[in-house]
């Protein structure tokens, strides 16, 4: 590929990359706006994406940004903070990033705070009361499954002259 064609390919790919990243950023800002406030949520997503926190975690992907913010939200809610200040958010995220910089995985970090990562990351729609009632019955409340009928025995095949045993 010649230099001109390579430059054109890169220039054509840039708007596509920017366009595809925008919905992920907007989703995260929307997801954490109710808890952190719209301005804080936007700043936090941008700061984590660009590696602007100390200790620096480097530039993060949207998945890691989501996990970091979900852990921060769970940690603050666990402490009774429902409308955190920017300072509270920054301090909590800094603590999470310190653990990450020490080589801990996301699951270990969640566990150190007394959470399970899957529960922290579960989408809020999964916690709607009607879904909880339908999908989380105690074993005693679940209807019993009918017994499976026994499989009928397979009939013996008669020996055929063209088949060797």
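Laboratory data are not the source of any read-out in this text; all were calculated from the coordinates shown. Just so we're clear, the structure is a prediction, and the values are computed from it rather than from any experiment. Please note: Cβ atoms are built from the backbone with ideal geometry, for glycine as well, and neighbour counts cover all protein chains shown.
Scan (1) more than 20 Å from residue 30 (Cα to Cα); (2) surrounded by 15 or more Cβ atoms within 10 Å (Cβ to Cβ) for the single condition residue 89 breaks and write down its number.
With (1) more than 20 Å from residue 30 (Cα to Cα); (2) surrounded by 15 or more Cβ atoms within 10 Å (Cβ to Cβ) applied to residue 89, the lone miss is (1).
Which of the residues that make up the stretch 72-120 are under 22 Å from residue 56 (Cα atoms), free of Cβ contacts under 8 Å to residues at least 12 places away in the same chain, part of a loop (DSSP other than H, G, I, E, B) and within 19 Å of the chain's Cα centre (by Cα)?
Within the stretch 72-120, 104, 105 meet the criteria.
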